[in-house]
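K.L.:
Supplied in structure tokens, the structure appears directly below.
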Amino acid sequence: MTNLLLILTGVLLNAAAQLVLKKGMSQIGTIQVDINAILTMILKVSTNLYVWTGLLFYVISFIVWLMVLSRVEVSYAYPFLSIGYIIAAFVGYFYFGESM
């Protein structure tokens, strides 16, 4: 049971990281591919709380996932990542108004 909780925690943190990063980048806007736009984007990203929160969620999910991989076989743990895809798709659709 502990292993399953760790797996689900890692998956949920990973999905949350994606969604929080999306929120942050929605505030920042579209990034163009030129040096000035990239430098401006770096400045905006470095001061955006949502982006920092998303990165923190990623770091924590990475640590949790390392714990998972130390305890269970990857063939058991890895398929649970698909739960994160479903969560991200539904939240993207209902919260961000994205199409599926």
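The values are calculated or read from the model by the stated rules, or taken from the named source; none is laboratory data. Here the structure is a predicted model, which is why all the values come from computation and not from measurement. Neighbour counts run over all protein chains shown; Cβ positions are idealised from the backbone, glycine included. Just so you know, the surface numbers come from the protein's heavy atoms only, side chains and all, with ligands and any DNA or RNA stripped out. Shrake-Rupley method; radii C 1.70, N 1.55, O 1.52, S 1.80 Å.
K.L.:
Report, by residue number, each residue of segment 1-54 that is within 30 Å of Y76 (Cα to Cα), in contact with a helix residue (DSSP H, G or I) (Cβ under 6 Å, 6 or more places away or on another chain) and of a type outside the set (A, V, I, L, M).
P.N.:
Going through segment 1-54, the residues within 30 Å of Y76 (Cα to Cα) turn out to be 1-22, 53-54.
Those left that are additionally in contact with a helix residue (DSSP H, G or I) (Cβ under 6 Å, 6 or more places away or on another chain): 3, 6-7, 9-11, 13-21, 53-54.
The answer is N3, T9, G10, N14, Q18, T53, G54.
K.L.:
Select from segment 76-100 the residues that are open to solvent by less than 60 Å² (accessible area, probe 1.4 Å) and free of Cβ contacts under 8 Å to residues at least 12 places away in the same chain and list them in ascending order.
P.N.:
Listed by number, the residues that qualify are S82, A89.
K.L.:
Moving to a separate point now. Looking at segment 24-41, I want the residues that are free of Cβ contacts under 8 Å to residues at least 24 places away in the same chain and have a partner that is in a loop (DSSP other than H, G, I, E, B) and surrounded by 11 or more Cβ atoms within 10 Å (Cβ to Cβ) with Cβ atoms under 8 Å, at least 6 apart or on another chain. Which pairs are those?
P.N.:
Sorted first by the residue in segment 24-41, then by its partner, the pairs are Q27/N48; I28/N48; A37/I31; I38/I31; M41/I31.
K.L.:
Mind listing just one residue for me: the one in segment 1-31 that is open to solvent by less than 40 Å² (accessible area, probe 1.4 Å) and more than 30 Å from M67 (Cα to Cα) and, of those, modelled with the lowest pLDDT?
P.N.:
Kept after step one, since they are open to solvent by less than 40 Å² (accessible area, probe 1.4 Å), are these residues of segment 1-31: 6-7, 10-11, 13, 15-17, 19-21, 24, 28-29.
Right, trim to more than 30 Å from M67 (Cα to Cα) and you get 28-29.
Details: I28: 92, G29: 88.
Among those that are open to solvent by less than 40 Å² (accessible area, probe 1.4 Å) and more than 30 Å from M67 (Cα to Cα), it is G29.
K.L.:
How many residues are surrounded by 12 or more Cβ atoms within 10 Å (Cβ to Cβ) and part of a helix (DSSP H, G or I) if we restrict to segment 64-75?
P.N.:
Here is the first cut: in segment 64-75, the ones surrounded by 12 or more Cβ atoms within 10 Å (Cβ to Cβ) are 64-65, 67-69, 71-72.
Cutting the leftovers down to part of a helix (DSSP H, G or I) gives us 64-65, 67-69, 71.
Final tally of qualifying residues: 6.
K.L.:
For segment 32-49, does any single residue satisfy the condition of being at pLDDT 95 or above, assigned to a helix (DSSP H, G or I) and surrounded by 16 or more Cβ atoms within 10 Å (Cβ to Cβ)?
P.N.:
Checked segment 32-49: no residue is at pLDDT 95 or above, assigned to a helix (DSSP H, G or I) and surrounded by 16 or more Cβ atoms within 10 Å (Cβ to Cβ).
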